[in-house]
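Below is one structure, written out as structure tokens; comments come after it.
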Amino acid sequence: MKKFFSLVAVSAFLIAIIAWLLIPINNGGDLISPLSSLSQKREKPLDKYNFEALRKKEYQGSEIKLENIIKEEDVYTSYLFSYESDGKKVTGMANMPNTKNGKRPVIVMLRGYADDEIYFTGLGTRKAAGVFAENGFITLAPDFLGFGGSDTSSADILESRFERPLTVLNLLASIKSIPDANPDEIFMWGHSNGGQIALSVLEITQSDIPTVLWAPVTEGFPKSVLQYIGELDDQGMKVKTAIDNFLLRYEPEKYSIDNYYSDIQATIQLHLGLADPLISEEEIDEFAKTMADLGKNVNYYKYPRNDHNLSRDWDLIVLRDLQFFRKYF
């Protein structure tokens, strides 16, 4: 019997020692739960970009600086502007109406894909932005990280993609720093992949930001990436490998716009050219139907014989966009 109690005592002592060794001690000497420590280790670097995490994040904004003049027109001036997005500098083109007539509405303009070797500030947005500025709007078109005078983007292919909605969220929070801007009259305009970024922002913020989309990418992630990898020089093997690795560690639906369409609270004006080689009519029809089934407000226009840039009916489309934005003054 004595041997039994001795064995029990030794076992209890050993268990206590093992438990003590497993509990980490912080610098202040307080004991910390090992479960808490294990939970922290499970956090992965791209977790901070999923839509739920971005919703919880606080966006203080930074000062929007007009660094130098790009060009001067009769009724507006184009500037290179900059601001900070999570400590990184982002540049872009700002159009500022020259006349002082109270606080101005602001359109955040988001371009589509661009080759960084031929990119210049304003590519993909400057023409439409000029028309909007002529009609009294301040326009802000960010270059995004890795373009223009911005800081470099992440070396991680997918992180550089996930940084873009965050870049826009920080820009929206910074608009209040522009003296002539009306922070209560903010709109978005997005083309192609810029349309997908705009949809992401609408879903994350759940804000009523009237938005215009030209030939937007509306497929969910990762399909929205995989369907275009054939256009890349290396046939997208780097991208496919990155996505394969991502799928082993993360839940893709948390990063996918099609999982959050019900959270969109904004009215959307949608344009599609029926000769678009990149965005199919079926894809946009399905998006429009999904939004209608969810009770969302979408104005959908189709244009025969128009390409991805809607060049044949460009003037008509910009006029419709102006009319759309003016309804919300």
Once normalised by the length of the chain, the mean sequence separation of its alpha carbon contacts under 8 Å that are 6 or more apart gives a contact order in percent of 14
Once residue 244 and residue 98 are pulled to full extension, the length gained, defined as 0.36 nm per residue separation minus their Cα-Cα distance, is 47.5 nm
Along each principal axis, Cα extent of the chain, largest first, Å: 99, 44, 41
5 Å is the cut-off here: which amide hydrogens, built 1.01 Å from N in the peptide plane, fall below it relative to residue 81, excluding neighbours closer than 5 in sequence? 67, 92, 93, 94
Between the residues 112, 137, 152, the Cα farthest towards the positive end of the dipole of segment 102-156, that dipole coming from +1 and -1 charges on the beta-carbon of Lys, Arg, Asp and Glu, is from 137
Modelled label reach - residue 69, point 7 Å along Cα→Cβ, segment 154-188 residues with backbone N closer than 12 Å: none
For segment 274-329: rounded, prolate or oblate by the Cα gyration tensor [a/c cutoff 1.5]: oblate
Would you mind putting 88-97, 67-76 in packing order, based on average other-beta-carbon counts within 10 Å, highest first? 88-97, 67-76
Please compute the length gained on full extension between residue 182 and residue 116, using 0.36 nm multiplied by the number of residues separating them and subtracting their Cα-Cα distance. 20.5 nm
Return the long-range amide H neighbours of residue 265 (sequence gap of 5 or more, or a different chain), with a cut-off of under 5 Å between placed amide H atoms. 207
Expected output is a single nm value to one decimal: the length gained when fully extending between residue 48 and residue 134, i.e. 0.36 nm times separation in residues minus the C-alpha distance. What is it? 27.1 nm
Hey, what number do you get for the chain at 222 nm if only DSSP H runs of n ≥ 4 count, each worth -39500 (n - 2.57), divided across all residues, to the nearest 500? -11000 deg cm²/dmol
For segment 246-261, just list the computed ³J(HN,Hα) in residue order, Karplus coefficients 6.51, -1.76 and 1.60, θ = phi - 60°, integers in Hz, with x standing in for Gly and Pro. 4, 5, 6, 10, 10, 9, x, 4, 6, 10, 10, 4, 6, 8, 10, 4
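Every read-out reported here was derived from the displayed coordinates using simple, explicitly stated rules and does not represent laboratory data. Here the structure is a predicted model, which means the values were calculated and not measured. Glycine also receives a Cβ, built like all others from the backbone with ideal geometry; neighbour counts cover every protein chain displayed.
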